[in-house]
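Here the structure is laid out as structure tokens; the discussion comes afterwards.
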Amino acid sequence: MKPGHVILGAAMVGAGALAPLWLPFGLVGGIALLALIRICWLEDNIISDLFGRDSLPPGYRNTAELRRLFFFRWFGILVEESMAEQSAHQMATAMRAEVQIWAALLLGLASTLVVQTAPFGLLVNAGVGLGLFVVALARADRLAVSLAHCEAGRALPDHLLLPSRRRILAERKR
């Protein structure tokens, strides 16, 4: 694990925690909704399409090749490794890292919103907000592990890719 991975996670938590202080409430709600929708979409892709497979489904391979062509045509960047050549577990690991980025942002945002707007009184609001902030930092720590696996080109082990309850549900679907 590199220090930059931990710093990235902490920066996402910090950005989420500071957003309600600087941005209008409606924009904060929009960001939170966007993050939640993205998390749900990625979780569904991991569970339904990628978990338990050896190779990527054809739709994922086609999208990876189109992305590679896009970068070459528009930016002149020749991506050496095509994502289409990755295993399904490596793609799921990259998606898990993105879920953890969004979750760190969302939990940081929620921690500040609870402190500012919850109706429980100053001490209770601060305690719950601090608890959410600690949970967000734990997500940042998990993000660092996922980023280290992505950088090394390895897939996360199954117990880190999916929690046991979701892993059992995914295996029942198959």
Looking at the stretch 4-16, is at least one residue in a helix (DSSP H, G or I), without any contact (Cβ under 8 Å) to a residue 40 or more places away in the chain and over 14 Å from the mean Cα position of the chain (by Cα)?
yes
Quick one: count up the residues across the stretch 58-89 that are of a type in the set (F, W, Y) and either surrounded by 15 or more Cβ atoms within 10 Å (Cβ to Cβ) or at pLDDT 80 or above (or both).
1
Among the residues of the stretch 50-57, are any among the hydrophobic types (A, V, I, L, M, F, W, C), free of Cβ contacts under 8 Å to residues at least 24 places away in the same chain and either surrounded by 13 or more Cβ atoms within 10 Å (Cβ to Cβ) or outside any helix (DSSP H, G or I) (or both)?
no
S111 vs. criteria polar (S, T, N, Q), within 14 Å of the chain's Cα centre (by Cα), surrounded by 18 or more Cβ atoms within 10 Å (Cβ to Cβ) and modelled with pLDDT of 90 or more
no
Across the stretch 81-131, what is the number of residues that are without any contact (Cβ under 8 Å) to a residue 24 or more places away in the chain and among the polar types (S, T, N, Q)?
3
When only residues in the stretch 20-33 that are surrounded by 13 or more Cβ atoms within 10 Å (Cβ to Cβ) and assigned to a helix (DSSP H, G or I) count, which is farthest from the chain's Cα centre (by Cα)?
P20
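Yes/no matrix, rows are residues, columns are (1) buried (at least 19 other Cβ atoms within 10 Å of the Cβ); (2) of a type in the set (A, V, I, L, M); (3) assigned to a strand (DSSP E or B); (4) at pLDDT below 90:
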position: L106; (1), (2), (3), (4): yes, yes, no, no
position: F120; (1), (2), (3), (4): no, no, no, yes
position: V124; (1), (2), (3), (4): no, yes, no, no
position: H159; (1), (2), (3), (4): no, no, no, yes
position: E171; (1), (2), (3), (4): no, no, no, yes
Quick one: which of L161, L122 is of a type in the set (A, V, I, L, M, F, W, C), closer than 26 Å to I31 by Cβ and out of contact with any strand residue (DSSP E or B) (no Cβ under 7 Å at 6 or more places or on another chain)?
L122
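The values are calculated or read from the model by the stated rules, or taken from the named source; none is laboratory data. Fair warning: this is a prediction, and the values are worked out from it, not measured in the lab. Virtual Cβ from ideal backbone geometry, glycine too; neighbours counted across all protein chains shown.
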